[in-house]
1. For the stretch 88-119, what are the residues that are polar (S, T, N, Q) and surrounded by 19 or more Cβ atoms within 10 Å (Cβ to Cβ)?
2. So which residues in the stretch 1-35 are at pLDDT 90 or above and at positive phi?
3. Take the conditions under 16 Å from Ile6 (Cβ atoms), out of contact with any His (no Cβ under 9 Å at 6 or more places or on another chain) and open to solvent by 50 Å² or more (accessible area, probe 1.4 Å) and apply them to Val60. Does it pass?
4. State the number of residues belonging to the stretch 22-48 that are farther than 15 Å from Val70 by Cα, in contact with a strand residue (DSSP E or B) (Cβ under 9 Å, 6 or more places away or on another chain) and open to solvent by 20 Å² or more (accessible area, probe 1.4 Å).
5. Of everything in the stretch 41-71, what is in contact with a Ser or Thr (Cβ under 7 Å, 6 or more places away or on another chain) and over 24 Å from Glu101 (Cα atoms)? Give them in sequence order.
6. Any residue that is within 12 Å of the chain's Cα centre (by Cα) and not in a helix (DSSP H, G or I) - is there at least one of those in the stretch 11-28?
7. What is the one condition in (1) outside any loop (DSSP other than H, G, I, E, B); (2) under 26 Å from Asp87 (Cα atoms); (3) at pLDDT below 95 that Arg38 does not satisfy?
8. Right, Ala54: among the aliphatic types (A, V, I, L, M), more than 25 Å from Ile116 (Cβ to Cβ), surrounded by fewer than 17 Cβ atoms within 10 Å (Cβ to Cβ) and in contact with a strand residue (DSSP E or B) (Cβ under 8 Å, 6 or more places away or on another chain) or not?
Amino acid sequence: MERIGIIGVGEIGRAIVDGLCDGVEEPPEIYLSPRGARTSAELSQRYPNVQVCADNQDVVNHSDVVIIAVRPVGHAEALAGLRIGSDRTVVSVIAGVALSELRRTLGTGAPLVRAIPLPAARERRSVT
């Protein structure tokens, strides 16, 4: 299974991790940003396949798929300086930020897609 990184670990990030790990026989490797430190630490203690990285670039470096779950306000600052190769897939769950704007912010040719996960992802009852 692919290695999944999550940058921005708030309520949506937590729901995604829970949905990928809770009650799953072989969950993927998940790498979390230190952004949302309390939640990241809690999730890494609960699930042995979840690790907290030193910074956002470390998340990218460990991951095949990078989920960006930061708040719309300040997203450019949170993502500034990231280097994302075209061999990664980027999934944006940022509401109200166009993919074209995110592509400019990231400066990457990597595949970039949008998802709208809901907290129901936690129970695997969401199409995302």
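1. Kept after step one, since they are polar (S, T, N, Q), are these residues of the stretch 88-119: 89, 92, 100, 105, 108.
If the condition is that a residue be polar (S, T, N, Q) and surrounded by 19 or more Cβ atoms within 10 Å (Cβ to Cβ), then Ser92, Thr108 are the ones that fit.
2. Gly8
3. Answer is no for this residue.
4. Selection size over the stretch 22-48: 4.
5. Val50, Gln51, Val52, Cys53
6. no
7. If we test Arg38 against (1) outside any loop (DSSP other than H, G, I, E, B); (2) under 26 Å from Asp87 (Cα atoms); (3) at pLDDT below 95, just (2) comes out false.
8. Spelling it out, it is not the case that Ala54 is among the aliphatic types (A, V, I, L, M), more than 25 Å from Ile116 (Cβ to Cβ), surrounded by fewer than 17 Cβ atoms within 10 Å (Cβ to Cβ) and in contact with a strand residue (DSSP E or B) (Cβ under 8 Å, 6 or more places away or on another chain).
The values are calculated or read from the model by the stated rules, or taken from the named source; none is laboratory data. Predicted model, so just to flag it, every value in this text is computed and none were measured. Reconstructed Cβ throughout: ideal geometry from the backbone, glycine too, with neighbour counts over all protein chains shown. Heads up: the accessible areas ignore ligands, DNA and RNA and are worked out on the full protein's heavy atoms, side chains in. Shrake-Rupley method; radii C 1.70, N 1.55, O 1.52, S 1.80 Å.
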